[in-house]
1. Apply the Karplus curve 6.51 cos²θ - 1.76 cosθ + 1.60, θ = phi - 60°, to the phi angles in the range 102-110 and return the couplings in whole Hz, x for Gly and Pro.
2. Label points 7 Å out from Cα along the Cβ direction at Ile143 and Lys65: separation in nm?
3. Which of the three applies to the range 46-144, rounded, prolate or oblate, going by the alpha-carbon gyration tensor with a ≥ b ≥ c and a/c under 1.5 meaning rounded?
4. How large is ³J(HN,Hα), in whole Hz, for each residue of the range 90-100 in order, when computed from phi with the Karplus curve 6.51 cos²θ - 1.76 cosθ + 1.60 and θ = phi - 60°, using x for Gly and Pro?
5. Distance in nm between label sites at Gln57 and Gln114, each 7 Å beyond Cα in the beta-carbon direction?
6. Mind giving me the FRET efficiency for Tyr152 and Lys86? R0 is 25 Å, r the Cβ-Cβ distance, nearest 0.05 is fine.
7. For Glu50, Glu73, Glu129, what's the fewest-to-most ordering of other Cβ within 10 Å of each Cβ?
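Since every read-out is calculated from the coordinates, none of them should be taken as a lab result. These numbers come from a predicted model, not from an experiment. For neighbour counting, all protein chains shown are included, and Cβ atoms are generated from backbone atoms with ideal geometry for every residue, glycine included.
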Amino acid sequence: MLRKKSVIPSAARNLSFFRLEERFLTLQTPCGMTDEVKCKWRKPSMSEIEISVAELQRRRKAGEKFLLVDVREQWEYDVCRIGGAKLIPMRTIPANLQALDGDEDVICYCHHGQRSLDVAAWLRAQGVESAQSLAGGIDRWSIEIDPSIPRY
């Protein structure tokens, strides 16, 4: 693996997988090659990076402005979704970074909260300080907030 002192390369748009490990972002291309990019990143606390379903519901009811991003795959989005969410599958997040780096807070969610936690941490490493992950994902949302949303 290579270690570079740069920001995310433009080739990141073609990545199929990424994950954060300590202070290096591991990138894997579709052909299986990996590269590590050194980035300024500190591990945020769970209370900083996660938002509860109750807090998200409170913010929605209060009419607060934020971007709700569904990082699941299209087939999962077709099964169920939280109203008003924008589908940006996890694998396409690097290519859509500019769309997420705006003035609004970014709240990501997935099925159970792990993928969205990875995405929120990665977005924070890229400078999107407001990125958060919905704790428990759409599954917890369905259990605690809106039982009309199917569970899968």
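1. The phi angles translate into x, 7, 7, 5, 10, 10, 9, 8, 9 Hz.
2. 3.5
3. rounded
4. 3, 5, 9, 4, x, 6, 10, 4, 4, 5, 9
5. 2.6
6. About 0.80, to the nearest 0.05.
7. Neighbour counts put them in this order, fewest first: Glu129, Glu73, Glu50.
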